[in-house]
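What follows is a short report on a single structure.
The values are calculated or read from the model by the stated rules, or taken from the named source; none is laboratory data. This structure is a prediction, so every number in the text was calculated from the model and none was measured. Don't worry about glycine lacking a Cβ; one is built from the backbone with ideal geometry, like all the others, and counts go over all protein chains shown.
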Amino acid sequence: MMAKVLLTPSTVESVKCPAGKRKRDLFDLRTKGLLLEVRETGGRTYYLRYTNARGKVRQHRLADARDVTLAQARQLADQRRNRIAMGEDPAEARSALRTVPTFAQFIENDFLPHIRLHKRSWQCDVSLLNNHLLPFLGSLHMDSIGRRDIQRVISDRREQGKAAGTCDRILILSRRIFNLALKWQVPGMASNPAKEVDRLNVDNKRERYLNEPEIRRLQAVLEHSENPLLRYIVPTLLVTGARKREVLDARWEDFDFDSRLWKIPVTKSGKPRYVPISDGLIAILNSVPRLAGSRYVFANPDTGKPYVTIFYAWNTARQRAGLPDVRIHDLRHSFASILINSGRSLYEVQHLLGHAQSKTTERYAHLQRETLLKAANVVATLVGDAGLAPIKWRVSFR
């Protein structure tokens with residue numbers, strides 16, 4: 001039921017919805033498009049009815065009549081009409097807001113399918129999401145998340161005792177998520193709220209290299225490991241510098257003994273790489289017991305497949321060897337350390353480790369400098385042993 005009247009404050013207060021009707025619309029004669037909806041429940045709401053640029057009649061809610069006066073409702077109607085004349089459509093804007101996903105919805109429907117397809121270590125992202133980001137941001141809509149929300153997550157995790165490196169990984173993941181949301185033009189996204197949040201910039205690239213006595217101690221305890229293949233896996237890691245998963249997933253068909261090359265089909269970078277088969281590696285491979293029917297070099301005897309994890313056996317071995325701080329990845333660092341201290345160049349080490357960028361290998365540059373210094377000191381020692389006195393340089397400035 002619709003009627004045109006000159007709305008007054010008393011009319012707004014007293015008008016009733018006719019019996020048997022669900023609602024009644026009263027159009028204001030003074031303000032174009034303003035109407036008062038009166039419902040059988042007694043509720044009253046101001047609306048603006050207008051025609052958009054496409055010629056469609058729309059109705060936009062202004063306010064509850066209990067919250068604003070008639071004069072204020074007229075002012076709101078005039079403001080909205082002005083914005084509509086400038087090209088805005090409140091109905092479309094409201095509809096667009098309804099399409100903005102929450103953080104949890106975006107993660108479930110868009111982000112997780114993407115990383116499962118394109119990232120080998122996507123399970124790590126899932127762990128960070130479930131433990132750190134989703135509890136804080138999951139219920140928030142993507143367009144409502146700001147820099148302070150991201151900073152709040154990082155600050156809370158740090159206060160809860162999380163390592164600085166973990167906090168930085170949370171921030172990096174956040175930046176990646178919102179960058180993808182922008183790239184995919186997710187409704188409501190205009191900027192990346194994590195972009196301006198500062199990383200903690202903690203140097204957590206821990207350096208631990210095994211020396212010769214430590215290697216011998218480790219070798220001795222490996223002979224008694226509960227895992228019968230650990231005595232072969234650890235030396236392979238040490239003599240190749242390969243990553244743990246690369247060794248555990250190694251297949252016999254990937255070793256070309258004629259060319260002396262081991263092909264690693266899938267690496268951290270997603271590209272295959274080739275590792276030279278050294279004499280030491282040949283000796284290890286010749287001694288590894290083969291499991292009938294399995295294509296894997298270090299096959300789990302119970303499954304014929306690669307080990308999912310060797311942490312328990314490794315942890316037991318390092319504790320027995322008195323090396324509780326040594327991680328499996330430190331075997332890779334030790335491989336690089338031995339090469340550098342033997343006079344090999346960073347270029348050679350880069351390619352043997354499979355680093356895509358030389359910057360990654362430069363962390364070992366200090367080892368190279370120490371080696372060069374030792375070499376220079378050899379000459380200085382020889383000169384001193386020959387009884388040659390240091391030359392006193394006399395320099396004059398004019």
*Return only the number of the condition from (1) loosely packed, with under 13 Cβ neighbours inside 10 Å; (2) within 22 Å of the chain's Cα centre (by Cα); (3) of a type outside the set (Ser, Thr, Tyr) that ASN179 does not satisfy.*
(1)
_Test: ASP168 is closer than 21 Å to VAL197 by Cα, of a type in the set (D, E, K, R), in a helix (DSSP H, G or I) and in contact (Cβ under 8 Å) with a residue 12 or more places away in the chain_ = yes
_Close pairs from region 240-264: first free of Cβ contacts under 8 Å to residues at least 60 places away in the same chain, partner part of a helix (DSSP H, G or I) and of a type in the set (A, V, I, L, M), Cβ under 8 Å, at least 6 apart_ = VAL247/ILE233; VAL247/LEU237; PHE255/LEU285; PHE257/ILE282; TRP262/LEU281
_Looking at (1) surrounded by 12 or more Cβ atoms within 10 Å (Cβ to Cβ); (2) more than 30 Å from GLY43 (Cα to Cα); (3) modelled with pLDDT under 85, which one does GLU92 not meet, given that it meets all the others?_
(2)
*Within region 278-292, is even one residue closer than 23 Å to SER121 by Cα and in a loop (DSSP other than H, G, I, E, B)?*
no
*Would you check if there is a residue in region 81-89 being among the acidic types (Asp, Glu), assigned to a helix (DSSP H, G or I) and either more than 47 Å from the chain's Cα centre (by Cα) or surrounded by 12 or more Cβ atoms within 10 Å (Cβ to Cβ) (or both)?*
no
*Candidates PRO306, PRO289, filtered to the one that is in the same structural domain as HIS329 (by TED's automatic domain parsing), at pLDDT below 95 and surrounded by 11 or more Cβ atoms within 10 Å (Cβ to Cβ)*: PRO306
_Candidates LEU48, LEU35, LEU7, LEU26, filtered to the one that is surrounded by 18 or more Cβ atoms within 10 Å (Cβ to Cβ), touching a Pro at 6+ places or on another chain (Cβ under 9 Å) and under 19 Å from LEU76 (Cα atoms)_ = LEU48
*Quick one: how many residues across region 314-333 are outside any loop (DSSP other than H, G, I, E, B), modelled with pLDDT of 90 or more and buried (at least 19 other Cβ atoms within 10 Å of the Cβ)?*
5
*asked:* Could you go through region 121-134 and let me know if any residue there is farther than 30 Å from VAL57 by Cβ, buried (at least 16 other Cβ atoms within 10 Å of the Cβ), more than 13 Å from the chain's Cα centre (by Cα) and not polar (S, T, N, Q).
replied: yes
*Based on what the data block shows, is ALA71 among the small types (Gly, Ala, Ser), surrounded by fewer than 17 Cβ atoms within 10 Å (Cβ to Cβ) and part of a helix (DSSP H, G or I)?*
yes
*asked:* For region 144-156, check the following and say yes or no: at least one residue is more than 13 Å from ILE177 (Cβ to Cβ), surrounded by 15 or more Cβ atoms within 10 Å (Cβ to Cβ) and assigned by TED's automatic domain parsing to the domain that holds ILE172.
replied: yes
*Does region 254-280 hold any residues that are under 34 Å from the mean Cα position of the chain (by Cα) and among the charged types (D, E, K, R), and which are they?*
ASP254, LYS263, LYS268, LYS271, ARG273
_Top-ranked residue in region 266-311 [being of a type in the set (Phe, Trp, Tyr) and free of Cβ contacts under 8 Å to residues at least 24 places away in the same chain; ranked as farthest from ALA250 (Cα to Cα)]_ = PHE311
*Starting from residues that are in a loop (DSSP other than H, G, I, E, B) and exposed (fewer than 13 other Cβ atoms within 10 Å of the Cβ), keep the ones in region 266-277 and report whichever is modelled with the lowest pLDDT.*
SER269
*Please report, ordered by residue number, the helices (runs of 4 or more DSSP H) entirely within region 102-155 with at least 1 residues that are touching a residue at least 24 places away in the same chain (Cβ under 8 Å) and under 16 Å from PRO187 (Cβ atoms).*
103-106
_Conditions first: (1) among the aliphatic types (A, V, I, L, M); (2) free of Cβ contacts under 8 Å to residues at least 60 places away in the same chain; (3) crowded, with 17+ Cβ neighbours inside 10 Å. VAL186 passes all but one, so which condition is the exception?_
(2)
*So which residues in region 208-264 are among the hydrophobic types (A, V, I, L, M, F, W, C), in contact with a Pro (Cβ under 7 Å, 6 or more places away or on another chain) and not in a helix (DSSP H, G or I)?*
LEU261, ILE264
*Please tell me if THR267 is under 16 Å from LEU352 (Cβ atoms) and of a type in the set (Val, Ile, Thr).*
yes
*asked:* Tell me the residue from ALA77, ALA63, ALA71 that is at pLDDT 85 or above and more than 21 Å from ASP89 (Cβ to Cβ), please.
replied: ALA71
